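The structure under discussion appears below in the form of structure tokens.
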Amino acid sequence: MTDLTTPPTTSSEAARWAPGSHVLWRYKENAGNRIHICRPVTVVQDTEELLAVWMAPGTECVKPVLADGTPVHHEPLATRYTKPRALRRDRWFGTGVLKLARPAEPWSVWLFWDPGWRFKNWYVNLEEPRARWAGGIDSEDHFLDISVRPDRTWQWHDEDEFAQAQRAGLMGAGKAREVRAAGRAAIDVIHSWGLPFSDNWQHWRPDPDWAIPPLPDDWDRTPAHVTS
């Protein structure tokens with residue numbers, strides 16, 4: 001396992017992680033700087049063009065819940081973003097997720113499979129371009145998403161949450177316009193079947209010898225140095 005407190009292998013351009021390294025994929029809350037989602041992942045590929053990571057089934061993660069422990073999505077939409085919250089350690093059950101992120105793009109693309117490695121769909125997660133540090137990457141989720149089926153048809157997701165986040169003051173009108181524009185740009189990539197959709201990642205499989213990365217005790221530490 002890569003020591004998350006030390007810099008990864010360096011290249012001539014930037015610090016890169018070797019395949020099989022363990023890093024953290026994190027999201028900060030939308031109304032502050034606290035990290036509220038943390039997922040240990042295994043690096044599949046790390047180049048100037050693409051970061052690909054694997055989140056294995058059974059991975060211990062951190063996620064937000066309501067203060068009484070209720071899952072966030074069980075709360076009615078009108079109060080989902082205003083009730084007090086807490087953080088809980090939990091595990092990612094079901095099939096794993098392959099996450100693909102291209103530098104500076106305001107989204108990442110996730111691949112999902114049904115049991116037996118039957119490909120299910122791509123999922124475009126609209127988010128802040130990821131800030132990279134020695135132990136992983138940090139971003140901020142932008143609520144709005146797009147799913148892409150194997151036949152290349154697509155649809156918006158969570159438009160109700162996107163609207164409610166604005167009503168709750170978690171996103172201003174200007175930022176909301178930027179996010180919607182980013183979604184339209186992602187749809188242009190889908191229509192042209194550009195990268196990473198055209199790279200056939202749906203046929204990728206994880207190394208069976210990879211261990212599930214543990215969730216470190218200091219999963220919420222503040223990076224000493226952050227780059228984009």
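Of the residues making up region 72-101, those that are under 18 Å from the mean Cα position of the chain (by Cα), more than 18 Å from P57 (Cβ to Cβ) and among the hydrophobic types (A, V, I, L, M, F, W, C) are V72, L87, L100, A101. Of R177, R205, all but one fail to be more than 18 Å from the chain's Cα centre (by Cα), surrounded by fewer than 15 Cβ atoms within 10 Å (Cβ to Cβ) and farther than 19 Å from V41 by Cα; the exception is R177. Taking the numbered list (1) surrounded by 22 or more Cβ atoms within 10 Å (Cβ to Cβ); (2) modelled with pLDDT under 95 in turn, V53 passes all entries but (2). Of all residues in region 149-174, those satisfying the criterion of being among the charged types (D, E, K, R) and touching a residue at least 60 places away in the same chain (Cβ under 8 Å) are D160, E161. Per the listing D209, D188, D138, the residue uniquely outside any loop (DSSP other than H, G, I, E, B), within 20 Å of W54 (Cβ to Cβ), acidic (D, E) and at pLDDT 95 or above is D138. Taken over region 171-195, residues that are β-branched (V, I, T) and in contact with a strand residue (DSSP E or B) (Cβ under 6 Å, 6 or more places away or on another chain) amount to 2.
Within region 140-147, is even one residue among the β-branched types (V, I, T) and in contact (Cβ under 8 Å) with a residue 60 or more places away in the chain? Within region 140-147 (the criterion being among the β-branched types (V, I, T) and in contact (Cβ under 8 Å) with a residue 60 or more places away in the chain), the answer is no, since none of the residues qualifies.
Of everything in region 81-106 that's over 21 Å from P64 (Cβ atoms) and touching a strand residue (DSSP E or B) at 6+ places or on another chain (Cβ under 9 Å), which residue is surrounded by the fewest Cβ atoms within 10 Å (Cβ to Cβ)? Working first, answer last.
Residues of region 81-106 over 21 Å from P64 (Cβ atoms): 95-96, 98, 100-106.
Now narrow it down to the ones that are touching a strand residue (DSSP E or B) at 6+ places or on another chain (Cβ under 9 Å): 95-96, 98, 100-103, 106.
Details: T95: 17, G96: 19, L98: 22, L100: 23, A101: 23, R102: 17, P103: 14, P106: 18.
Checking each candidate, the answer is P103.
Tell me the residue from T95, T42, T5, T82 that is among the polar types (S, T, N, Q) and at pLDDT 95 or above, please. Unique residue meeting the criteria: T42.
The values are calculated or read from the model by the stated rules, or taken from the named source; none is laboratory data. Note that the structure is a prediction, hence the values are computed from the model and not measured. All Cβ positions, even for glycine, are placed from backbone atoms using ideal geometry, and neighbour counts span all protein chains on display.
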